[in-house]
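The structure under discussion appears below in the form of structure tokens.
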Amino acid sequence: MMQVIHDIAPGAKLGFCTPAASSAIGASGIVECEKLLAEKFHANIITDDLNAKPQFWSPTPKTMLSGKLLNKLKNLLLISGVGNFGGGYYEGAWEPTPFLLAGKSYPAQDFGKSVGQGSRPYDSFIMPSHTGVNIFLGINSSPEASSRSCPSSNPKMTMALLNGHNEVLTSQTQRCALFKLTYFNSNSSAITARIVVLKDGTEPSDQSLAVKMLAQWAERSATRSVPLRYNTLGGASNSGLLGPRSIIVAAVDPNTYLRNRLAIEPFATSGPLRLNYGINSSGDGLIRFPSPQRIDIPGVVVPDRFMVAMPSSGGAGYVMRPFIGDSAAGPAAAGVAALLLSAHAPVDQISELLKKSAYPQGRAPGWNSRYGYGLIDADKAAVMAGVLPEERNPSAAHRENAPASPIHRFRPSPAFLHEQTLAMAAIHGNTTSLTEIQKAADAGDEGGRFWLAVYDQKTGHDAEAADLCSSAAHKSEFPPAENCLGTLFYRGLGVHKDYRAAYIWWLRAARAGIPNAAFRVGLLQAKGFGTATNLVDAYALMLTAKTEGLRNPILATTMDKIRNRLSADDQRIAGNMARGYVSDPSSIRRQRNSG
């Protein structure tokens, strides 16, 4: 976690605490860590990854104590990225509806109505062949009650697993605050399974009753959630920390894109959350809400899959591995928050700034259950906070301030074109041409060095090609060399593969009017490699490259695919952008979400 934060905010002072280091391992131990970091280390931002098992009652003792800490320390921001329970958790107030089972009518939990949808007296899922499932049911009406408590005052509840014909596969009847139902599908084919929760109809109604359920596949190697239709929470243990100085985030895969948005990680926290209880005004107890309170989580989504050093399986040394899930998204969001805080953004506004500035990922603006308010956007949040000036379009600046500055567009000179001819001949074995290029390169001619790099790359000398292109790009800002570096970083030739570096170098070359670089920047934006996915910008850049004369079969195919995903308005916008880029390539703007 600290590696991720340091990568994003290298100037941040970092501290770490784990309750495993003390005798207090439970909720109080977790909060003691938060208290230690806030009061002794003087932390302004705390992010946690402490959710070893799902919490049945929200707020949990941990969140109640953390909320009390937030009330005490006004300069503290809490960020939670824990979760990864996917869609296997359900929570709702008791909403009875009649259900007929084995010829007898029972009051059953109306799962659909309890989450604001149409009436449905069961939840359902597909159970593969030779697969087991564990379903936990919490039925106690008070969160302080012990899960082992089964007093006669508790309501008598039945949880049953049915097949698609409402025939009982297995069931249990208990008065316990928490009990488990287990079933194994020994059939050779998948079945439709239905979960019903029934209450003894002879007992009085209990207005304070809440139903909480967790369904997980019975596996030894891992814990995976069953995709419940009416899931209400992805399992975030900080679900009670939902004020202006806290935020819950979820993870998206930065290497994917689908209809101009990143793909949500399948195990990421989802919402909304519905709370039956809340922290009282003094912060030392709970109050029952008159009706379940809907809380929209996650707040934003954050890319995961950071490469971090992890202990090797042999126990000696470290290996670089991807850090995946909400546990990676949390510290990434904390790094962005640290940058905003260092720029003097008010701590009590950071959570709201991250939501308002997020790059939309859903079909419509606003919050949705998977992406929250969208993809985190540090630059836009800083602009909204007033700590970063809004970027101005260079073209507009030229129009407003006469005389206009000249546009530095790369134009190949006759010497450059001659060296290109020599390089092609050298690649095909002409030693005389190779000698001429080497002489030009040795004399400091940038074109000669660039074409010698092309020769080296084509003949398998990737490291030498990288050295030549890097020298010309860094020292002389030679656009063809910048384009070359982008290619080498993208393909991992002579350098470590790095999509972010490829994006930056191709962007520099594109701003100098290199058509192939404009196409490559568009390709990265279409795929979300090294930058945020933006199909409109991607299409505009590819249209620019085509207008500038680039003929590439991949360009044509990719443009067709993107065009099919864009609306007529988006295509019009991209066309206008492309005309501006052709007129002034230096106006091509860097994605604010890059990286």
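Can you tell me which of (1) surrounded by fewer than 21 Cβ atoms within 10 Å (Cβ to Cβ); (2) under 25 Å from PRO303 (Cβ atoms); (3) of a type outside the set (Lys, Arg); (4) touching a residue at least 24 places away in the same chain (Cβ under 8 Å) is the one ALA526 doesn't meet?
Status for ALA526: all satisfied but (1).
Looking at GLY243, GLY299, can you tell me which residue is of a type outside the set (A, V, I, L, M, F, W, C), within 30 Å of ALA93 (Cβ to Cβ) and modelled with pLDDT of 80 or more?
Selected residue: GLY299, the only one of GLY243, GLY299 that is of a type outside the set (A, V, I, L, M, F, W, C), within 30 Å of ALA93 (Cβ to Cβ) and modelled with pLDDT of 80 or more.
In this structure, does SER188 turn out to be assigned to a loop (DSSP other than H, G, I, E, B), of a type in the set (Ser, Thr, Tyr), at pLDDT below 85 and farther than 20 Å from GLN216 by Cβ?
Here the answer is no, as SER188 does not meet what is asked.
Anything in the stretch 465-501 that is assigned to a helix (DSSP H, G or I) and over 24 Å from ASP445 (Cα atoms)? List them, or say none.
Passing the criteria: TYR490, ARG491, TYR499, ARG500, ALA501.
Please state which one of SER327, SER342, SER395, SER413 is at pLDDT below 90 and touching a Ser or Thr at 6+ places or on another chain (Cβ under 8 Å).
Selected residue: SER395, the only one of SER327, SER342, SER395, SER413 that is at pLDDT below 90 and touching a Ser or Thr at 6+ places or on another chain (Cβ under 8 Å).
Scan the stretch 449-469 and report the pairs whose first residue is in contact (Cβ under 8 Å) with a residue 12 or more places away in the chain and assigned by the TED database to the domain that holds GLY492 and whose second residue is assigned to a helix (DSSP H, G or I) and of a type in the set (Phe, Trp, Tyr), with Cβ atoms within less than 8 Å and a gap of 6+ or a chain change.
If the second residue must be assigned to a helix (DSSP H, G or I) and of a type in the set (Phe, Trp, Tyr), the pairs left are LEU468/PHE450; CYS469/PHE450.
I need every pair where a residue in the stretch 152-172 that is among the charged types (D, E, K, R) has its Cβ under 7 Å from the Cβ of a residue that is surrounded by fewer than 15 Cβ atoms within 10 Å (Cβ to Cβ), sequence separation at least 6 or different chains.
What qualifies is LYS156/THR173; LYS156/ASP200; LYS156/GLU203.
Looking at the stretch 455-481, which of its residues are of a type in the set (A, V, I, L, M) and either under 18 Å from PHE410 (Cα atoms) or modelled with pLDDT of 90 or more (or both)?
Answer for the stretch 455-481, where residues must be of a type in the set (A, V, I, L, M) and either under 18 Å from PHE410 (Cα atoms) or modelled with pLDDT of 90 or more (or both): ALA472, ALA473, ALA481.
Conditions tested, residue by residue: (1) open to solvent by less than 80 Å² (accessible area, probe 1.4 Å); (2) without any contact (Cβ under 8 Å) to a residue 12 or more places away in the chain; (3) farther than 19 Å from SER471 by Cβ.
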position: PRO414; (1), (2), (3): no, yes, yes
position: HIS418; (1), (2), (3): no, yes, yes
position: ASN430; (1), (2), (3): yes, yes, yes
position: GLN438; (1), (2), (3): yes, no, no
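Please verify whether THR202 is among the polar types (S, T, N, Q), farther than 30 Å from THR531 by Cβ and at pLDDT 90 or above, treating the condition exactly as stated.
no
For the stretch 150-169, how many residues are outside any loop (DSSP other than H, G, I, E, B) and over 35 Å from the mean Cα position of the chain (by Cα)?
The number of residues fulfilling the criteria is 7.
Yes or no: ALA502 modelled with pLDDT of 90 or more and within 22 Å of LEU535 (Cβ to Cβ)?
No.
Can you name the residue in the stretch 529-555 that is closer than 19 Å to PRO479 by Cα and either among the small types (Gly, Ala, Ser) or buried (at least 20 other Cβ atoms within 10 Å of the Cβ) (or both) and is also modelled with the lowest pLDDT among such residues?
Once the filter is applied, the top-ranked residue is GLY549.
Give ARG565, ARG520, ARG589 a once-over and let me know the one that is surrounded by fewer than 22 Cβ atoms within 10 Å (Cβ to Cβ), within 26 Å of VAL252 (Cβ to Cβ) and touching a helix residue (DSSP H, G or I) at 6+ places or on another chain (Cβ under 7 Å).
Among ARG565, ARG520, ARG589, only ARG565 is surrounded by fewer than 22 Cβ atoms within 10 Å (Cβ to Cβ), within 26 Å of VAL252 (Cβ to Cβ) and touching a helix residue (DSSP H, G or I) at 6+ places or on another chain (Cβ under 7 Å).
Give the number of residues within the stretch 170-184 that are part of a strand (DSSP E or B) and open to solvent by less than 50 Å² (accessible area, probe 1.4 Å).
So the count comes out to 4.
Of all residues in the stretch 70-121 being of a type in the set (S, T, N, Q) and either open to solvent by 30 Å² or more (accessible area, probe 1.4 Å) or at pLDDT 85 or above (or both), which is farthest from VAL133 (Cα to Cα)?
ASN75
Out of all the residues in the stretch 521-537, which are under 21 Å from the mean Cα position of the chain (by Cα) and of a type in the set (Gly, Ala, Ser)?
ALA526, GLY528, GLY530, ALA532
Is it true that ALA466 is closer than 23 Å to ARG508 by Cβ, open to solvent by less than 20 Å² (accessible area, probe 1.4 Å) and of a type in the set (A, V, I, L, M, F, W, C)?
Against the criterion (closer than 23 Å to ARG508 by Cβ, open to solvent by less than 20 Å² (accessible area, probe 1.4 Å) and of a type in the set (A, V, I, L, M, F, W, C)), ALA466 qualifies.
Which pairs turn up if I take residues in the stretch 560-572 that are closer than 11 Å to ALA540 by Cβ and look for partners that are among the aromatic types (Phe, Trp, Tyr) with beta carbon separation below 7 Å, at least 6 apart in sequence or on another chain?
As it stands, the answer is ILE562/TYR539; LEU566/TYR539, since those pairs meet every condition given.
Out of the residues in the stretch 163-185 meeting the condition of being hydrophobic (A, V, I, L, M, F, W, C) and more than 18 Å from ALA218 (Cβ to Cβ), tell me which one is modelled with the lowest pLDDT.
ALA177
The values are calculated or read from the model by the stated rules, or taken from the named source; none is laboratory data. Predicted model only: the values in this text are computed from it and were never measured. Using ideal geometry, Cβ is built from the backbone for each residue, glycine included, and neighbour counts are taken over all protein chains shown. Side chains are part of the model used for accessible areas, which takes the heavy atoms of the whole protein and leaves out ligands, DNA and RNA. Shrake-Rupley method; radii C 1.70, N 1.55, O 1.52, S 1.80 Å.
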